[in-house]
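*Asks:* Before we start, here is the structure in question, set down as structure tokens.
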Amino acid sequence: MPGKRVHATHSSSPAAWEAYEELTKRYTSVPFEQAEVIVALGGDGFLLETLHRTLATGQPVFGMNRGSVGFMLNDYWPTALVERLGEAHEVTLTPLRMVAETQSGDRITGLAINEVSLLRETRQSAKLRISIDGVVRLEELQGDGALVSTPAGSTAYNLSAHGPIVPLGAGVLALTPISAYRPRRWRGALVPHRSTVVFEVLEDAKRPVLAVADNLEVRDVRRVEVAEAGEVKLRLLFDPERNLEERILKEQFAP
């Protein structure tokens, strides 16, 4: 592709495959490792998968929506791609690092661009003790679970769980309960982005809990530590009119 070496990739949806065929007829797609920019065709979930692929390589990702919501993607059209890439605005995202300890003693680490969530595995509610930077802030949360969200992920699962939308650059993370039963009136908290949040699973054998960091799922956890992975930077490209910071801000005033 003139100007920049681009690798195009697509999700498994028919719409994404058709877009890929159309795009690669117009432009050359180089192997992933040789690319300066990754063009991802699919939905928000596929964009997250693509960003995870760039953890070791560092290329920016320009997503075009061939899925459903497409909140973190640009509109799709096959023409003027070179010009769009030249004019695109770059946003840097910092993921969360999850360290999950299972009932058997295994320690499993994963990164989450949107959120780390803890969810009950059975019909019985989860019971969680929540500490922040070594201080117990909530002795017992009973409900379906809880999550910690980045600003970029605050309009996703966090918002569905009635958590706050967090502007990019706000310097905070959203800590949000999921269908809390006790305490009924606790609606979550905003914590400094450098905080370490620890969830301890109470009655873990009777009330098993799983932890999820993007596409990584760990079952039967007994302790989960969540902190910002400050040394990891992920790069997203947006058309000027699709600026992510502005879109997150506008979501706070959506009807």
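The values are calculated or read from the model by the stated rules, or taken from the named source; none is laboratory data. Just so we're clear, the structure is a prediction, and the values are computed from it rather than from any experiment. For neighbour counting, all protein chains shown are included, and Cβ atoms are generated from backbone atoms with ideal geometry for every residue, glycine included.
*Asks:* Can you pull out the residues in segment 156-165 that are closer than 15 Å to V116 by Cβ, part of a loop (DSSP other than H, G, I, E, B) and either free of Cβ contacts under 8 Å to residues at least 60 places away in the same chain or of a type in the set (V, I, T) (or both)?
*Replies:* Passing the criteria: A161, G163.
*Asks:* Give the residues of segment 37-46 that are without any contact (Cβ under 8 Å) to a residue 40 or more places away in the chain and either of a type in the set (A, V, I, L, M, F, W, C) or out of contact with any Gly (no Cβ under 9 Å at 6 or more places or on another chain) (or both), sorted by residue number.
*Replies:* Listed by number, the residues that qualify are I38, A40, L41, F46.
*Asks:* Filter segment 78-97 down to residues that are touching a strand residue (DSSP E or B) at 6+ places or on another chain (Cβ under 8 Å) and assigned to a loop (DSSP other than H, G, I, E, B) and give me whichever is nearest to L175 (Cα to Cα).
*Replies:* P95
*Asks:* Moving on. Hey, could you check segment 203-218 for residues that are closer than 22 Å to G153 by Cβ and not hydrophobic (A, V, I, L, M, F, W, C) and say which is surrounded by the fewest Cβ atoms within 10 Å (Cβ to Cβ)?
*Replies:* Among those that are closer than 22 Å to G153 by Cβ and not hydrophobic (A, V, I, L, M, F, W, C), it is N215.
*Asks:* What's the number of the condition D239 fails, among (1) buried (at least 17 other Cβ atoms within 10 Å of the Cβ); (2) of a type in the set (D, E, K, R); (3) outside the structural domain of G153 (by TED's automatic domain parsing)?
*Replies:* (1)
*Asks:* Evaluate the following for K206: is it in contact (Cβ under 8 Å) with a residue 40 or more places away in the chain and over 15 Å from the mean Cα position of the chain (by Cα)?
*Replies:* It is true that K206 is in contact (Cβ under 8 Å) with a residue 40 or more places away in the chain and over 15 Å from the mean Cα position of the chain (by Cα).
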